[in-house]
Structures are given as C-alpha cells and as structure tokens.
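Colleague: Got a structure for you, written out below as structure tokens; questions coming shortly.
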Amino acid sequence: MKPAIFLDRDGTLIFDVGYLPDPQDVKFFPETFTTLLSLQKKFLLFIITNQSGISKGITTESEVKLVNDYVVDMLKSKGVLISQVFCCPHAAEDKCNCKKPNPYFINQAAELYDLNLNDSFIIGDHPSDVECGLNAIITPIYVLTGHGEKHKNELKTDCVISKDIAEASKYILMHSNNDNF
C-alpha cells in the first residue's frame, strides 16, 4: 500500500484568480515544482479541486479540463507526476457527494490505487480541505496562501498550519512514517 498527498489546486499549487477558464491565466507558486518533486519520492500525488463555477455556469467542464490538463502537463514537464485529478463540478447547494469536505475522491483514490491512508495527507487553503482530510481520516495541512489567511478563523479544529506548500512539505517529510516507497 502506498501513501498519498492530496493537493488542492487553486491557492495551493497555483495562484487563485477566481474561476479559471483559460490555461493562459495559470500562474504557479514559485515553490510548487521543487516541493512536489521532493514529495513524490515518498508519496503518490493527487489533485482534488472543487470547481463550482461549472454548476454556476461561469465556466464549462471543458474549460476546467483544459486548465487541469495544463496544470498536470506543466508539472510533468518539470518531472512531477500527478496520479489523477479529481474535480467536483457542483455548487454547495447541489448537495453532491464529491464536493470537499466530503472524502468521496480520497476514498475513490484509495480503492483505485491501493493507498495507505494512515500515512497520507491533504494540503489546502480552505477549511473544507481540512474537514475533507479529517473526514477521510488523513492528516490535513492548512496553507496560508490563496484564501488561507482570509479563512483561517473559520477552521473548526486544530490542525497544522503552514505558510505555503513548501513549509507543509517539510512538516510531512519530518512526520511521515513512510520510509519505503
């Protein structure tokens, strides 16, 4: 069984510019590439992103897919492999099973990839990322990039808080029980 890191997209890997229909508007945080390169030595990497703009008619599924594909391709060009991108297209009022904080995609990934969730983590800049990790019984790490600083006071539980994905990665590598991948 392999451990995993589940990554939020906007505000965690890339700058959050709102609903993002065009890959040309994607801008990675400077630390994203080197951080993910170090994490992938011990973990499978997944992206889980809530994209309610689809349900709201602000973006289309094909636009979001183009952006997701671009993010994955750019990461791959730097040597970072994303095992799969999971994308919820629903708004909160749709009351779906796949929108974070629901652990639907984490559980799906665990089945598909034979994951060890006991040594897995989720990193994100919204309280729903933290709640998703807790609901899946994995360790959440809250980052202050993106919307992190703005929503920090909405956290319902104590959790690890890091200034960015690089600091989160240092915490993970120091506290992981995973020695052989």
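Colleague: With r as the distance between the Cβ atoms of SER77 and LYS2 and R0 = 25 Å, compute the FRET efficiency 1/(1 + (r/R0)^6) and round to 0.05.
Modeller: Once the sixth-power term is evaluated, E becomes 0.60.
Colleague: Further, regarding this structure: If pairing requires two Cys Cβ atoms under 4.7 Å apart, which cysteines of the chain are left without a partner?
Modeller: CYS87, CYS96, CYS132, CYS159
Colleague: Roughly what % antiparallel, to the nearest 5, for the DSSP beta bridges in the chain?
Modeller: Counting DSSP beta bridges with both partners in the chain, the antiparallel share is about 5 percent.
Colleague: Given a Förster radius of 45 Å and the C-beta distance between VAL17 and ASN177 as r, what FRET efficiency does 1/(1 + (r/R0)^6) yield to the nearest 0.05?
Modeller: Plugging the Cβ-Cβ distance into 1/(1 + (r/R0)^6) gives 0.75.
Colleague: Next question. Given a 10 angstrom Cα cut-off, can you work out which residue in HIS90, HIS151, HIS126 is the most mobile in a GNM of the chain?
Modeller: Between HIS90, HIS151, HIS126, it is HIS151 that shows the largest mean-square fluctuation.
Colleague: Can you give the convex hull volume per residue for the Cα atoms of the chain, as a whole number of Å³?
Modeller: Per-residue hull volume (Cα only) is 106 Å³.
Colleague: Evaluate the Kirkwood expression for the hydrodynamic radius of segment 1-105, namely the inverse of the mean inverse distance over all pairs of different C-alpha atoms, and round to one decimal in Å.
Modeller: Averaging 1/r across every pair of different Cα atoms and inverting gives 14.2 Å.
Colleague: Hey, another quick one. Calculate how large, on average over all directions, the projected area of the Cα convex hull of segment 126-181 is; give the answer in nm² to one decimal.
Modeller: 4.2 nm²
Colleague: Which trypsin sites (Lys or Arg not before Pro) in segment 131-181 sit in a loop by DSSP (not H, G, I, E or B) and have at most 16 other Cβ atoms within 10 Å of their own Cβ?
Modeller: Sparse-neighbourhood loop trypsin sites (Lys or Arg not before Pro): LYS156, LYS163.
Colleague: Continuing with the same structure: To make sure I understand, if each residue's beta carbon is the centre and we count other beta carbons within 10 Å, what order do ASP73, ASP129 fall in, fewest to most?
Modeller: Listed from fewest to most nearby Cβ atoms, that is ASP73, ASP129.
Colleague: While we're here: Of CYS96, CYS132, CYS88, how do they rank once you tally other Cβ atoms within 10 Å and put the fewest first?
Modeller: Least crowded to most crowded, the residues run CYS96, CYS88, CYS132.
Colleague: Taking amide H atoms as placed 1.01 Å from N in the peptide plane, list the residues 5 or more away in sequence, or in a different chain, whose amide H sits under 5 Å from that of GLN51.
Modeller: CYS88, HIS90
Colleague: Under a plain spin-label model, where a point goes 7 Å from the Cα along Cα-to-Cβ, how far apart in nm are LEU155 and ASP94?
Modeller: About 2.9 nm, to one decimal.
Colleague: Hey, fewest Cβ within 10 Å first, where do ASP119, ASP8, ASP22 land in order?
Modeller: Fewest-to-most Cβ neighbours within 10 Å comes out as ASP22, ASP119, ASP8.
Colleague: In this model, which of LYS2/LYS56; LYS41/LYS95; LYS27/LYS99; LYS76/LYS156; LYS95/LYS152 are farther than 31 Å apart at the alpha-carbon?
Modeller: Checking Cα-Cα distances, LYS2/LYS56; LYS41/LYS95; LYS76/LYS156 exceed 31 Å.
Each reported figure results from applying straightforward, stated rules to the coordinates on display, with no laboratory input. As the structure is a computational prediction, the values presented were derived from the model and not from experiment. When we count neighbours, we look across all protein chains shown, and the Cβ atoms used for this are built from the backbone with ideal geometry, even at glycine.
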